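No lab work stands behind these numbers, since they all come straight from the coordinates. All values reported here derive from a predicted model rather than from experimental measurement.
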Ligand SMILES: [Zn+2]
C-alpha cells in the first residue's frame, strides 16, 4: 500500500494522511497504554475504499514490543499441517 498500489484491487489511486498529520498533528490513533496513544498514517484506496493504517513513529514500534503481548504465530504450523495432509 505504501508503494502506491492497492493490495486488494491493484489500483494506483492510493492516498495517504501522512502529510495531514505532519502539518496539523491530527491523526487517528490507537492506545499504546493508559497514558499514551500512537498516531497512525492511513492509506486509502479511492477506487475500492480499502484502508491500511501504519504506525507513523518508528520508535513506537519498540514501545509496542515492550508493552503489548505478542500474538502467537500459528500460520506456519498450519501450513506444515496442510502439506502433510496432501502428502
Ligand atoms: Zn483498492
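With a/c under 1.5 counting as rounded, go ahead and sort the chain into rounded, prolate or oblate using the C-alpha gyration tensor (a ≥ b ≥ c being the square roots of the eigenvalues; past the cut-off, prolate if a/b is larger than b/c, else oblate).
Values: a/c = 3.53, a/b = 1.30, b/c = 2.71.
Oblate is the answer for the chain, as a/c is 1.5 or above yet b/c matches or exceeds a/b.
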Helix axis angle, 75-86 relative to the chain longest principal axis, alpha carbon, degrees: 30
Helix 58-67 vs. the chain, principal-axis angle (Cα, 0 to 90°, nearest 10): 60
